Amino acid sequence: MTSTYWTNVASPLGSLLLTAAPDGALTSLSVPGQKGGRVVQDDWRQDRGLFREAEEQLAAYFAGELKEFRLTWRTDGSVFREKVWAALDDIPYGSTVTYGEIAARIGAPRAAVRAVGGAIGANPLLVVRPCHRVIGADGTLTGYAGGLERKVRLLTHEGVL
């Protein structure tokens with residue numbers, strides 16, 4: 001029995017690969033060429049209908065009509081990664097925070113900034129879990145699994161740049 005469903009959704013970032021559990025909970029969103037991104041497996045089942053709500057919300061986001069995703073998702077990471085990923089959910093549209101601020105929000109010591117960066121880089125839900133809103137302490141755009149050019153596009157879209 002297949003436990004992973006998938007579809008592709010067109011976007012200004014390229015074709016997005018979405019995966020979901022059988023109950024429809026989104027499990028990943030990858031962009032083409034993404035570091036650590038998912039690729040379709042032979043035993044996955046394509047089912048565009050399961051992703052209708054995600055497709056509609058992504059279209060509204062890219063059209064500038066949606067600022068907060070209201071999707072059901074399920075991720076599978078360590079306790080630390082899940083804390084970091086949950087902290088991403090609290091970064092408002094059109095704003096940025098630093099890796100150090102994320103560490104502080106989850107109660108991690110300043111020395112944990114690299115680990116926070118690693119967890120952010122492993123975020124399986126690009127765009128909907130806004131890891132693109134995390135920047136370096138000096139304001140530079142650092143690291144993005146989907147490529148810095150996409151980070152720039154997303155932050156420009158949100159009016160940050």
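The values are calculated or read from the model by the stated rules, or taken from the named source; none is laboratory data. For clarity, every value in this text was computed on a predicted model and none was experimentally measured. As a convention, Cβ positions derive from the backbone with ideal geometry for all residues, glycine included, and neighbour counts pool all protein chains shown. Only protein heavy atoms, including side chains, enter the accessible area calculation; ligands, DNA and RNA are left aside. Shrake-Rupley method; radii C 1.70, N 1.55, O 1.52, S 1.80 Å.
Numbers for the structure displayed
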item: Members of the range 109-144 that are open to solvent by 20 Å² or more (accessible area, probe 1.4 Å) and in a loop (DSSP other than H, G, I, E, B); result: PRO109, ALA122, PRO124, ALA137, ASP138, GLY139, THR140, LEU141, THR142, GLY143, TYR144
item: Residue list for the range 117-156, filter: under 15 Å from the mean Cα position of the chain (by Cα) and among the β-branched types (Val, Ile, Thr); result: ILE120, VAL127, VAL128, VAL134, ILE135, VAL152
item: Qualifying position, being open to solvent by less than 80 Å² (accessible area, probe 1.4 Å) and at pLDDT below 95, among THR19, THR2; result: THR2
item: Residue match in the range 49-72 (condition: open to solvent by 30 Å² or more (accessible area, probe 1.4 Å), of a type in the set (S, T, N, Q), within 15 Å of the chain's Cα centre (by Cα) and more than 19 Å from VAL152 (Cα to Cα)); result: yes
item: Verdict on GLU158 being open to solvent by 60 Å² or more (accessible area, probe 1.4 Å), acidic (Asp, Glu) and farther than 20 Å from THR19 by Cβ; result: no
item: Single unsatisfied condition, PHE51 versus (1) closer than 25 Å to LEU18 by Cβ; (2) at pLDDT below 95; result: (2)
item: Given (1) farther than 22 Å from GLY147 by Cβ; (2) part of a helix (DSSP H, G or I), index of the condition PRO92 fails; result: (2)
item: Residue check for ASP90: within 15 Å of the chain's Cα centre (by Cα) and open to solvent by 20 Å² or more (accessible area, probe 1.4 Å); result: yes
item: Test: ARG150 is open to solvent by 20 Å² or more (accessible area, probe 1.4 Å) and more than 22 Å from PHE80 (Cβ to Cβ); result: yes
item: Residue check, GLY77 on the phi > 0 side of the Ramachandran plot, surrounded by fewer than 22 Cβ atoms within 10 Å (Cβ to Cβ) and part of a loop (DSSP other than H, G, I, E, B); result: no
